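Asker: Mind looking over this structure? Questions follow.
Please treat every number below as a calculation from the coordinates, not as lab data. Computed from a predicted model, the values in this text were never measured in an experiment. Cβ atoms come from the backbone with ideal geometry, glycine included; neighbour counts cover every protein chain shown.
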Amino acid sequence: MDFPINPPIGERVRRKETQRFVTGTGRFVDDLLPPGTLHASFTRSPCAHARINSVDASAALTMPGVRAVFTGKDIADRIKPMRVGGSPLLRPLKLYPLAVDKIRYFGEPVAVVVADNRYLAEDAVEAIAIDYEPLPAVIDPEAALEPGATPVHDVLGGNKVYKFHFATDGIDEIFAKADVVVKERIRSHRITACPIEPRAYLAHYSPDEDSLTMWSATANPHSLRGRIADVINFPEGKIRVIAPDVGGSFGVKIQTYQEELLLPFISRELGRPIKWCETRVEHMRNGRHGRDQIHYIEMALKKDGTILGLRDRIIADMGSTYTVDHSIMASALYMTGVYQIQNYAVDATGVSTNKTTHGSLRGIGKADAAYVIERLVDIAARKLNIDPIDIRMKNFIPAESFPYRNVTGALYDSGQYHLCLKRTAEIAGYEKLKQEQAELRKKGICRGIGVALVMEPTSSSRIHATGGYASCRMRIDPSGAATVFSSMGEQGQGHETTIAQIVASQTGIPFEKITVIHGDTLPTPYGFGTGSSRSSVVLMPSAWVAAKKMREKLVGIGARLIGVPPERLEIGDGKVFAKEKRDQAIAIAEIIRTAYGAIHLLPENMEPGLETMGTFVNPNIDYAPDDKGRMNTFSSYPYAGVIAVVDVDVETGFINIVRYCTVHDCGNMINPQIVDTQQQGSIMQGIGAALYEELRYDEEGRLLSSTFMDYRLPCVEEVPELALEHIVTPNPFTPLGAKGAGETGMLGPPPALCNAVEDALAPLGVKIRETPLTPDRILDLIEKAKSSHG
Amino acid sequence: MYPAAFEYLRPRSIREAVELLLRHGEDAKLLAGGQSLVPMMKLRVARPKYLIDIHRIAGLNYVREEHGAICIGATTRHVQIEQSPLIRDKMSMLAQAAGEIGDAQVRNRGTIGGGLAEADPVGDYGPVALALDARMKCVRPSGVREIPASDFFTFAYTTALEPDEILMEIIFPLPPRGSAGVYHKLEKVAGDFAIAAAAVQLAVGRDGVCTSIAIGVSGGGPMPQKPAAVENLLRGKKIDRELTEEAGRLIQDDAEPIEDLRGSAAYKRKALSAVLRRALTESLRLTTNNL
């Protein structure tokens, strides 16, 4: 296919955003302080599950600087409950910004204090007396499903809140007749994303104008605007949401939070700006958590390694005030991964527990699926004594089958899995690695080689979630500079740069003269937030559409002015010129002057000015399942081959990543530098998830890992030797040929490192079924294996 | 991350600091580099009414050699210890330990006196101070005294310092000539507190027999320890693989680690054994090179 990707599209252009961030001149919510701002602080539940008998704020109200206290009861009849949304399969639930009569998770907000400054607010929070009646905490999702388990939500009666079933015909016979069945229980553990900026909100209701401005560190300003309007019953048109610079989202800021909807209400009540910036401890307890699925999965195979079918039972811990089902849905629909598996059955159960709300997190659900299937394929290979690369090559969807309809109805856009893994093996030196491994084993060094090929469905669209399109509006000013208004904000993705590259490529306006405005609902067109890696799939094409329309207008005016038909004209060097006769030309500056001033010279029926609007609809999406329940909810399918090399220290259980090799394919790249850095960060986040990070709860449901002392992130010293390459298989459904590029990196490390560690310890027969791969867990497995052998 | 209200006091001299401490007693906390105290205040785990900032007192920041010892002022920062040519030359294990503390930001601000007085069970200075028989020079209204490292740590986050007493200087006697020191730390990620750590200062004769041995460890209990039994086991014997293994077993059997998110007690016992054996092996290699 031919893609219109002329420079600077495809170039390693330096990011426009970099300078302000590295010089500390970015502007975040916490940098803002309108006159008269009051500060909020929340009383949070010290237990996970309890009835609230009473809340006494009388002492707090008398403390210095305290302006107001609101409890759940104060607000419950004055604002509408939040929507538990996104899916008809989720059992409905009323959620208020503050707990009303029952606590459902550790750290849930119970009351809010508003004071002259945050310190005074925090002091008053300590003076609020709450009488709790403790209830048994529901922590284990499997125990939560047992008959007689305490319900997290009384109105629901039980803890099963989501159910999905899918099965192809004859699946049981496939398993009955298979040469081999591999059966495992594999669990993905609970983690969170840890953006460098926790959540931060500033709501400012102006009584004079009867309007509300909400500054939020959100990844989803337009949706937030609608939700505020709904919950506080205020006209959407009078609300402006601004996401200034936002320090990372990784999914956790695309959803709307309890505190985020409460601040506008308080601001309206008190007629003052109200600010709240989350602390890290609050973020660990209240930001969205991810993963935490149990899979009872089995694979039927022939002796030669051909996969015949797959059967999975998923139990997903959705936390207490569950709000979306994307995680469990994506796992259930994409479990077959990159393999030709047309026989599949899944039973997925979503469970409510007394843990923090589960939600979006880089690789939501898809990471669990990639992890489980890439583990299972490896386990099968070991059982059948087949090389882990060979078993994958045998079962990959071949390049010529794309677009490929998978068993659950997903239509994979494009891919070259065989080529990708072949290239990964080449850069890793796979054959040589195996020889080295054999030699090192003789010396007692446990080296392991882990293989994976992970696929990441990106750019989702669901009914009633407005992710199905994105828009850019652009204007060339009379001065010749361009401004682009983007429907999607950014939290580090580099849209200011990539949109400018696209516009520069189409219109000939120099890159430096293009400004991108985003994250503000007033000037930007409506659109869903930045998540699911959808910006390169829908937003960038919408910029391309707007810029293409602009190009047509510039060329049209030029054609009229120099008397050459538009189809014979080209843009370059600040001019519109005839392709065959370059001196037949007119300066773009002259065309701009004409568009704004000399409008009598414009072609017939052309509107004055230079403004265009581009919208791009997410291609390749089914909004409704077919009669067999099959549907395609994502539109592009990037992937990456990984070979990880590790040494395991059998005395300490420590894992050293000797080398991490990956070959990534996200189709055409608008800015390969940005893709590289996305991959690097994403891989490190995956390494953190595999080796270090875990949200751990005690038996009473208190989160033990509430600070960075207890939830260790990898830092620069943990970065392994990293070999990163790309192959390019364009996405045929978008004009730029690009796929999503934000998440694939994070999917690789959990399966690749588990496979590598299991490989390293294969002589001992160690099996890895639980993560993270902490030293104590690994040493424990080693010693158990040794004693059972010995 | 918003501390409770406190009053900030900034004495200009040790004498003034001692007076303030005497006046405010248990309500006061000394602030040196603030790398542990300030985060605890932000979490409201520590809530001093008075914060006495001693890190601006002149004359508490130095590294010098005196009477066969290296003397270090209490507010000397980790980075200065890590980079001091004197310490690197004559007591490399101490420089090594300082370089393993936290991250660069922590090392630029944190102080040795603060680190020792904080007495984190797995702080990096504890094992080194114990191994080298350091002495803590302290001042209080009634005068100056020296507390041997072996008496200094009394429990987790607890020292022999009296409420009105300030740690002024740490005196590290120079190790025997020809000996070699190694600080070996097992940490989950760079900059974390240790799971277990061992400081070993060892000298052997030409026959490979141990002529001097000094050990300090952390991770085996609520405070760093000087494992005399292990030292006795090694002293006067030829240090070989078998003896090293025995030392590892001995320390493991005696350890009573605290279980936390860094590992179970059972795991930490084994980790402690591994770090001790590795520190022994490495110091043996270095001291043999010195011969």
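Asker: What number comes out for the charge environment of B:G102, summing +1 per Lys or Arg and -1 per Asp or Glu over other residues with Cβ under 13 Å away?
Answerer: -4
Asker: Normalized C-alpha radius of gyration of region A:201-277, against 2.2 N^0.38 Å?
Answerer: 1.00
Asker: Related question: Over all residues in B:257-267, what is the mean tally of Cβ atoms on other chains that come within 10 Å of each residue's Cβ?
Answerer: Taking all residues of B:257-267 together, the mean is 4.
Asker: Continuing with this model, one more query. Along the principal axes of its C-alpha atoms, what lengths does region B:99-220 span, in descending order and rounded to whole Å?
Answerer: The principal-axis extents, from largest down, are 52, 36, 26 Å.
Asker: Viscosity 1.567 mPa s, temperature 4 °C: what is the translational diffusion coefficient of region A:326-413 from Stokes-Einstein with a Kirkwood Rh over Cα pairs, rounded to a whole number of µm²/s?
Answerer: D = 89 µm²/s.
Asker: Can you give the charge dipole size of the protein assembly as shown about its Cα centre, rounded to the nearest 20 debye, using +1 on the beta carbon of Lys and Arg and -1 on the beta carbon of Asp and Glu?
Answerer: With only Lys, Arg, Asp and Glu charged at Cβ, the dipole is about 1060 debye.
Asker: Next question. Of A:I499, A:A762, A:I571, which is farthest along the charge dipole of chain A in the positive direction, counting Lys and Arg as +1 and Asp and Glu as -1 at C-beta?
Answerer: A:I571
Asker: Considering amide H positions built from the backbone, and no H for Pro or chain starts, which residues 5 or more places from B:L31, or on another chain, come under 5 Å of its amide H?
Answerer: Result for B:L31 returns B:I52, B:D53, B:I54.
Asker: Calculated from DSSP H runs of 4 or more alone, at -39500 (n - 2.57) each and per residue, what is the 222 nm mean residue ellipticity of chain B, nearest 500?
Answerer: After summing the helix terms and dividing by the residues of chain B, the value is -10500 deg cm²/dmol.
Asker: Still on this structure, I have one more. Note the angle between two axes, namely the Cα long axis of helix B:241-254 and the longest principal axis of the Cα atoms of chain B, as a number of degrees from 0 to 90, rounded to the nearest 10.
Answerer: So the inclination is approximately 40 degrees.
Asker: Sort out for me the Cα centre separation of region A:1-80 from region B:221-291, rounded to whole Å.
Answerer: The two parts, judged by their Cα centres, are 49 Å apart.
Asker: Give, rounded to the nearest 20 debye, the magnitude of the charge dipole that region A:295-449 has about its Cα centre when Lys and Arg contribute +1 at Cβ and Asp and Glu contribute -1 at Cβ.
Answerer: The calculation lands at about 520 debye.
Asker: Let me ask something else. What is the Rg over Rh value, at two decimals, for region B:178-254, using alpha-carbon atoms and the Kirkwood definition of Rh?
Answerer: Using Cα coordinates only, the ratio equals 1.00.
Asker: For q = 0.08, 0.09 Å⁻¹, what log10 I(q)/I(0) does the protein assembly as shown give under the Debye formula with an equal point scatterer on each alpha carbon and no solvent?
Answerer: -0.95, -1.16
Asker: Further, regarding this structure: Find which of A:V407, A:I379, A:F485 sits farthest along the positive direction of the dipole of region A:364-488, computed with +1 on the beta-carbon of Lys and Arg, -1 on that of Asp and Glu, about the Cα centre.
Answerer: A:I379
Asker: For region A:424-532, run through the trypsin sites (Lys or Arg not before Pro) and keep only the ones in DSSP coil with at most 12 other Cβ atoms within 10 Å of their Cβ.
Answerer: Passing sites in region A:424-532 are A:K443.
Asker: Still on this structure: Taking 10 °C and 1.306 mPa s as the conditions, I'd like the Stokes-Einstein D for region B:129-190 in µm²/s, using the Kirkwood hydrodynamic radius from alpha carbon pairs.
Answerer: Calculated translational D: 117 µm²/s.
Asker: Here is a follow-up. What translational diffusion coefficient, to the nearest whole µm²/s, does region A:605-704 have by Stokes-Einstein, given a Kirkwood radius computed over alpha-carbon pairs, a temperature of 10 °C and 1.306 mPa s viscosity?
Answerer: 82 µm²/s
Asker: Oh, and also: Among all the lysines, which ones have a C-alpha under 21 Å from B:K29's C-alpha, if same-chain residues fewer than 8 places away are not counted?
Answerer: B:K42, B:K49, B:K137
Asker: Cα-based Rg of region A:1-53 per 2.2 N^0.38 Å, rounded to two decimals?
Answerer: 2.37
Asker: Just want the answer: with Cβ charges of +1 for Lys and Arg and -1 for Asp and Glu, which residue in A:I266, A:L202, A:A229 is farthest toward the dipole's positive end in region A:201-277?
Answerer: Farthest towards the positive end: A:L202.
Asker: Related question: Based on DSSP loop calls and a cut-off of at most 16 other Cβ atoms within 10 Å, the longest stretch of chain B free of exposed chymotrypsin sites (Phe, Trp or Tyr not before Pro) is what?
Answerer: B:158-291
Asker: Over region B:142-291, one equal point on each Cα, no solvent: what is log10 I(q)/I(0) by the Debye formula at q = 0.09, 0.15, 0.16 Å⁻¹?
Answerer: -0.31, -0.82, -0.91
Asker: With +1 on the Cβ of every Lys and Arg and -1 on the Cβ of every Asp and Glu, and nothing else charged, how large is the dipole of chain B about its Cα centre, in debye rounded to the nearest 20?
Answerer: Dipole size: approximately 460 debye.
Asker: Okay, moving on. Need one value for B:268-275: mean number of C-beta atoms belonging to other chains within 10 Å of its residues' C-beta atoms.
Answerer: Other-chain Cβ atoms within 10 Å of each residue's Cβ, averaged: 3.
Asker: Next up: Sequence gap of 8 or more, or different chains, plus Cα separation below 25 Å: how many lysine pairs satisfy both in region A:1-157?
Answerer: 5
Asker: With respect to the cross-link table entries A:K160/A:K784; A:K784/B:K188; A:K443/B:K90, which display a Cα-Cα separation exceeding 29 Å?
Answerer: As for pairs spanning more than 29 Å Cα to Cα, those are A:K160/A:K784; A:K443/B:K90.
Asker: Quick query: amide H of B:T76 versus all other amide H atoms, modeled in the peptide plane; which residues come in under 5 Å with a sequence gap of 5 or more or a different chain?
Answerer: Amide H to amide H, under 5 Å and 5 or more residues apart or across chains, B:T76 pairs with B:Y62, B:I112, B:G113.
Asker: Sorted by mean Cβ packing within 10 Å, highest first, what order do the peptides A:583-596, A:362-375, A:243-256 take?
Answerer: My ranking of the peptides, most packed first, is A:362-375, A:243-256, A:583-596.
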